[in-house]
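Heads up, the thing below is written out as structure tokens.
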Amino acid sequence: MSKLDSKIPEGALEQKWEKYKSSVALVNPANKRSLEVLVVGSGLAGASAAATLAEMGYKVKCFCFQDSARRAHSIAAQGGINAAKNYQNDGDSTYRLFYDTIKGGDYRAREANVYRLASVSANIIDQCVASGVPLAREYGGMLSNRSFGGTQVQRTFYAAGQTGQQLLLGAYSGLQRQVGLGTVEMMSRHEMLDIVNIDGKCRGIIARDLISGKLERHFGHAVLLCTGGYGNVFYLSTNAMGSNVTAAWKAHKKGAFFGNPCFTQIHPTCIPVSGDHQSKLTLMSESLRNDGRIWVPKKQGDTRKANEIPEEERDYYLERRYPAFGNLVPRDVASRAAKERCDAGYGVGTSKMAVYLDFKSAIARYGHTKAVTQGIHNPTAEQLKDFGKQVVEEKYGNLFEMYEQITGENPYQLPMRIYPAVHYTMGGLWVDYNLMTTVPGLYALGEANFSDHGANRLGASALMQGLADGYFVIPYTIGAYLSKEISTKAISTDHEAFVKAEKDAQAIIDRLFAIKGTKSVDHFHKKLGKIMWDKCGMARNEKGLKEAIAEIRALRDEFWKDVRVLGSPNELNPELEKAGRVADFLELGELMCIDALNRSESCGGHFREESQTEEGEALRKDDEFAYVAAWENKGDNNYEIHKEELKFEVIKISQRSYK
Amino acid sequence: MSHGNMNLTLKIWRQKSDKEKGKLVTYPVQDISPDMSFLEMFDVLNEQLITKGEEPIAFDHDCREGICGMCSMFINGRPHGPKRGVTTCQLHMRSFKNGDTIVVEPWRAAAFPVIKDLTVDRSAFDRIISKGGFISVNTGNAQDANNIPIPKTDADAAFNAAACIGCGACVATCKNSSAMLFVSAKISQLALLPQGKVEATARVKNMVAQMDEEGFGNCTNTGACEIECPKGISLENIARMNREFYVANIKS
Ligand SMILES: Cc1cc2nc3c(=O)[nH]c(=O)nc-3n(C[C@H](O)[C@H](O)[C@H](O)COP(=O)(O)OP(=O)(O)OC[C@H]3O[C@@H](n4cnc5c(N)ncnc54)[C@H](O)[C@@H]3O)c2cc1C
Ligand code: SF4
Ligand code: FES
């Protein structure tokens, strides 16, 4: 018997969530006051959950490792957030958003969850606008939309290229309001190091106060992990430097199954690596593909400058290969196509590992429109360019500036050089319909769970999912559990389970200091990243994955023999923080390779070279692999797979095509 | 390791903790590439220190793309360094010359005590926000987002104010350590939106009271904050906040 029960409610797809909401057990206000919830993470998922649960009357503590909740990595999201509002009257609907998401995810997500996500999407926009988020508007005062990849409607809401910032500051303001009211206790500069289970239920966490270095015990009737994704296992990624897997990984080691760990998203449009000093990669938002055209020279090894290559000698390969979606194919498809061209010798720039993203046509097109609206009938070429530039600047100004700061090149004049980079992790802790992990009382929200994006996430859907989970899902589903906990008194943190968990966390810290090796934490992290990128990156095969597993094991042994952590545990010590995180990445990396090895099909961002069509497209094997791989940690880096079969009752499953 | 040709002398503030005294310590660094970011240059230095067995320098950073507001270095007497409109993490070494001496200190303000080396405590900002930097709308209370049209000019102006990243450079550069630019940005954002008008009076009074309680200084209109703000937050916000404050006091 499978240990996985997804708890999907009975009934027709469109009615499941409505029925669930009206039948789920409630907790009365007096009882809520004595129920404590720990929320780990203050990104979109954590901040929205913490604020909402506190508004409902629960006692909440919220944790983040940054100095302020406002700095969670969600702040960096650029392009936008999807919602099925159909404000553009272009045929959008809840069903279409649901369908696009399932298809975009290459049929590896759960229908019921995705439908719920699509159906609450519109409420998110309402909530954000009500809390003062200044989303972009048209001259008539209505909200503006743009297109993102993998869809043919305009449903993406945005705030210039800073959508994540504005949404997070909105959620953060709601959180701070509760902090001011005394209903949330905010624990910034705290890092969760373990969960505490008592009698089979999660009852708290161990956290390190990053300033004093002291380990603390915190009790909660329920614990929510909203700790983001694990893309930094690759060392170089678009994630913030501190993004990590520690919270999810420690929970995994204490019983939470890890779902589809190998499903990582490589984003097609990032600024290419410039040297080995590189510490992170910078994304150029997908929204740029609304207006930018991607090309490489038709001639192999062409050394001319971009501007010297005439139109007819340019290969707009996405438009050529995928005429229906063109530059707006989903990310996995766009990334692989860029890799294919570069591997075949058509890459540009000094490293030859880049392609062009060109705004020339957009500038010309917008220039014309603006000249017309200004009543100028015979504009000069200069005027056209200026007008076009103005429009592009209004849409993407901050991204263009960012590009220029990093590369020293002006993208209004020269096309951007871009290349794919690690960006997002679809995999994460396995959760049921309630967002509960396989440990009762332990939930996972936002990027930290595996749930809604299958094998490939569509652009502008992560922000949507984070806020859906925090604002609209968990407030209901947590009731199903906490309504049965009303007679559970707060457990003393002197309980032996807390004492032991703290001791174990301390032992890891002591061990790290005791090694006194010769190499920095970054040294190991970079090596791990290279193994992962080369062998578990955009293309994977059996041989490479097997090698990667052996290499990671060896690297892990070396780490525990030779890492050097200086300073002391009783103070602010960024090296110690990094060491703990990299230690966990060194275990996770192996599991990702094991999962990738097991899944000998290609789907979404997971491309197994052994499984492709004649045209080089990903070839799914639905008979064998239409399941979620949920891995149980058996200790000592041994794992057992559990399969959740995916049933498609509404959507007809078919080979994905964007041609 | 790094492939560049710049050699620099760094003078960096080292301070073990808030209880101990700090001092500037000189470190030479070699082979710095102009394509490195300022923080990547610090990575190189820290790697060198670790190899020598010396404790690396603690500094705040996270996103490294100018949006989280965490990085905070006072470089040659200017918050976020010599270039306008960028954060420390977005500053690239091409803004410096081979042979330069660069002095790096933490933000200095009574309300931002040093925690260690270049890391300071900016939690005063969070406490100010918790006194009114929000709209009191519970989840589930919202009407359709297009029910209240908002003129594009207002929405854009609110967005420009909301672009503040809460880094604290404005405080660090101000001779009075005033937090007016930061506080006024939030007050402006909400004052410009119809949704924010309901609580405008209480908001400005409570936030200003908390700002004073945290020990930030008064604003004497020197304008340094606007010049050093990496996000171009304008002094107009301070004028707007002063108006809001004036009106709030008349009303009560
Ligand atoms: C550059 C970039 C651009 C993006 N653009 C878009 C976009 O345009 N649209 C879109 O939909 N998505 C976008 N994404 C994806 C999206 O931003 C993220 O998936 C999403 O914001 C994740 O939110 P979250 O709340 O799950 O986690 P995060 O925002 O990552 O928050 C994690 C929180 O957990 C805390 N935390 C982590 N570990 C611990 C620990 N051990 N102890 C204590 N606290 C911990 C952190 O302090 C933080 O508060 C983008 C991502 C990147 C990297
Ligand atoms: S106003 Fe500018 S300088 Fe001050 S905190 Fe905001 S972004 Fe930083
Ligand atoms: S590190 Fe985020 S703004 Fe500099």
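The values are calculated or read from the model by the stated rules, or taken from the named source; none is laboratory data. Since we're looking at a predicted model, the values are computed, not measured. Cβ: placed from backbone, ideal geometry, glycine included. Neighbour counts: every protein chain shown.
Checked against the criteria, A:Asp92 counts as more than 16 Å from ligand 2 (Cβ to nearest atom) and in a loop (DSSP other than H, G, I, E, B). Checking each residue in region A:134-168 for being more than 13 Å from chain B (Cβ to nearest Cβ) and in contact with a Phe, Trp or Tyr (Cβ under 7 Å, 6 or more places away or on another chain) picks out A:Arg146, A:Thr156. Kindly indicate whether any position in region A:395-413 is in a helix (DSSP H, G or I), within 28 Å of the chain's Cα centre (by Cα), assigned by TED's automatic domain parsing to the domain that holds A:Thr303 and of a type in the set (Asp, Glu). Checked region A:395-413: at least one residue is in a helix (DSSP H, G or I), within 28 Å of the chain's Cα centre (by Cα), assigned by TED's automatic domain parsing to the domain that holds A:Thr303 and of a type in the set (Asp, Glu). Could you say whether any residue in region A:566-581 is within 20 Å of A:Tyr424 (Cβ to Cβ) and hydrophobic (A, V, I, L, M, F, W, C)? The answer is no, given that none of the residues of region A:566-581 is within 20 Å of A:Tyr424 (Cβ to Cβ) and hydrophobic (A, V, I, L, M, F, W, C).
Hey, any hits in region A:67-77 for a residue that's touching a helix residue (DSSP H, G or I) at 6+ places or on another chain (Cβ under 7 Å), within 16 Å of ligand 3 (Cβ to nearest atom), at pLDDT below 95 and within 11 Å of chain B (Cβ to nearest Cβ)? No, region A:67-77 contains no residue that is touching a helix residue (DSSP H, G or I) at 6+ places or on another chain (Cβ under 7 Å), within 16 Å of ligand 3 (Cβ to nearest atom), at pLDDT below 95 and within 11 Å of chain B (Cβ to nearest Cβ).
Identify all residues within region A:335-381 that are assigned to a helix (DSSP H, G or I), of a type in the set (A, V, I, L, M) and either under 34 Å from the mean Cα position of the chain (by Cα) or on the phi > 0 side of the Ramachandran plot (or both); write none if there are none. It would help to see each step written out before you state the result.
First pass over region A:335-381, keeping only residues assigned to a helix (DSSP H, G or I): A:335-343, A:360-373, A:381.
Within this subset, residues satisfying the condition of being of a type in the set (A, V, I, L, M) are A:337-338, A:362-364, A:371-372, A:381.
Of everything in region A:335-381, those that are assigned to a helix (DSSP H, G or I), of a type in the set (A, V, I, L, M) and either under 34 Å from the mean Cα position of the chain (by Cα) or on the phi > 0 side of the Ramachandran plot (or both) turn out to be A:Ala337, A:Ala338, A:Ala362, A:Ile363.
Results for (1) more than 7 Å from every other protein chain (Cβ to nearest Cβ); (2) at positive phi; (3) in contact with a helix residue (DSSP H, G or I) (Cβ under 7 Å, 6 or more places away or on another chain), shown as yes or no for each residue.
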| position | (1), (2), (3) |
| --- | --- |
| B:Asn98 | yes, no, no |
| B:Trp107 | yes, no, yes |
| B:Ala110 | yes, no, no |
| B:Ala124 | yes, no, no |
| B:Ser130 | no, no, yes |
| B:Asn146 | no, no, no |
| B:Asn160 | yes, no, no |
| B:Cys174 | yes, no, yes |
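Figure legend. Inter-residue proximity from region A:485-501: first residues part of a loop (DSSP other than H, G, I, E, B), second residues of a type in the set (Asp, Glu), beta-carbon distance below 9 Å, spacing 6+ or different chains. Indicated pairs: A:Ala490/A:Glu36; A:Thr493/A:Glu216; A:Thr493/A:Glu502. Residues in region B:153-191 that are farther than 18 Å from A:Gly141 by Cα and polar (S, T, N, Q) were compared, and the one that is farthest from ligand 2 (Cβ to nearest atom) is B:Asn176.
Scanning region A:243-254 for residues that are surrounded by fewer than 24 Cβ atoms within 10 Å (Cβ to Cβ) and within 7 Å of ligand 1 (Cβ to nearest atom) yields a total of 1.
Residues that are under 17 Å from the mean Cα position of the chain (by Cα) and not in a helix (DSSP H, G or I) within region A:36-57 comprise A:Val40, A:Gly41, A:Ser42, A:Gly43, listed in sequence order.
B:Ser17 meets the conditions (1) under 21 Å from the mean Cα position of the chain (by Cα); (2) over 19 Å from A:Lys578 (Cα atoms); (3) assigned to a loop (DSSP other than H, G, I, E, B) in every case but one. The failed one is (1). In the set B:Met180, B:Met207, B:Met211, only one residue is within 11 Å of chain A (Cβ to nearest Cβ), touching a residue at least 12 places away in the same chain (Cβ under 8 Å) and of a type in the set (A, V, I, L, M); that residue is B:Met207. In region A:189-297, counting only strands (runs of 3 or more DSSP E) that sit wholly within it, the ones holding 3 or more residues that are polar (S, T, N, Q) span A:264-270. Going through (1) away from ligand 2 (no atom under 12 Å from the Cβ); (2) surrounded by 21 or more Cβ atoms within 10 Å (Cβ to Cβ); (3) more than 8 Å from chain A (Cβ to nearest Cβ) one by one, B:Ala200 falls short only on (2). Restricting region A:493-538 to residues that are surrounded by 17 or more Cβ atoms within 10 Å (Cβ to Cβ) and among the polar types (S, T, N, Q), the residue that is nearest to the other protein chains (Cβ to nearest Cβ) is A:Ser520. Scan region B:97-107 and tell me whether some residue there is surrounded by fewer than 16 Cβ atoms within 10 Å (Cβ to Cβ) and of a type in the set (Asp, Glu). Checked region B:97-107: at least one residue is surrounded by fewer than 16 Cβ atoms within 10 Å (Cβ to Cβ) and of a type in the set (Asp, Glu). Just to be sure before I move on: is A:Gln176 of a type in the set (S, T, N, Q), buried (at least 24 other Cβ atoms within 10 Å of the Cβ) and closer than 23 Å to A:Arg33 by Cβ in the structure I sent? Here the answer is yes, as A:Gln176 does meet what is asked.
Scanning region A:1-35 for residues that are part of a helix (DSSP H, G or I) and of a type outside the set (A, V, I, L, M, F, W, C) turns up A:Glu14, A:Gln15, A:Lys16, A:Glu18, A:Lys19, A:Tyr20, A:Lys21, A:Ser22, A:Ser23, A:Pro29, A:Asn31, A:Lys32. Does A:Leu288 meet the test of being within 14 Å of chain B (Cβ to nearest Cβ) and surrounded by 20 or more Cβ atoms within 10 Å (Cβ to Cβ)? When the stated conditions are applied, A:Leu288 does not pass them. Of the listed requirements (1) part of a helix (DSSP H, G or I); (2) modelled with pLDDT of 95 or more, A:Leu384 misses just one: (2). With respect to B:Thr153, determine if the residue is surrounded by fewer than 24 Cβ atoms within 10 Å (Cβ to Cβ) and either within 11 Å of chain A (Cβ to nearest Cβ) or hydroxyl-bearing (Ser, Thr, Tyr) (or both). Yes: the conditions hold for B:Thr153. Against the conditions (1) away from ligand 1 (no atom under 16 Å from the Cβ); (2) crowded, with 21+ Cβ neighbours inside 10 Å, B:Ile165 satisfies every one except (1). Taken together, the residues in region A:557-597 that are in a helix (DSSP H, G or I) and touching a residue at least 40 places away in the same chain (Cβ under 8 Å) amount to 26. Cβ separations smaller than 8 Å between residues 6+ apart or across chains give the following pairs from region B:43-63 residues that are under 14 Å from A:Asn573 (Cβ atoms) to residues that are among the acidic types (Asp, Glu): B:Leu49/B:Glu55; B:Ile50/A:Glu575; B:Pro56/A:Glu575; B:Ile57/B:Asp117; B:Ala58/B:Asp117; B:Phe59/B:Asp117; B:Asp60/A:Asp67. Touching a strand residue (DSSP E or B) at 6+ places or on another chain (Cβ under 9 Å) and in the same structural domain as B:Ile128 (by TED's automatic domain parsing), is that true of B:Ala163? Answer is no for this residue.
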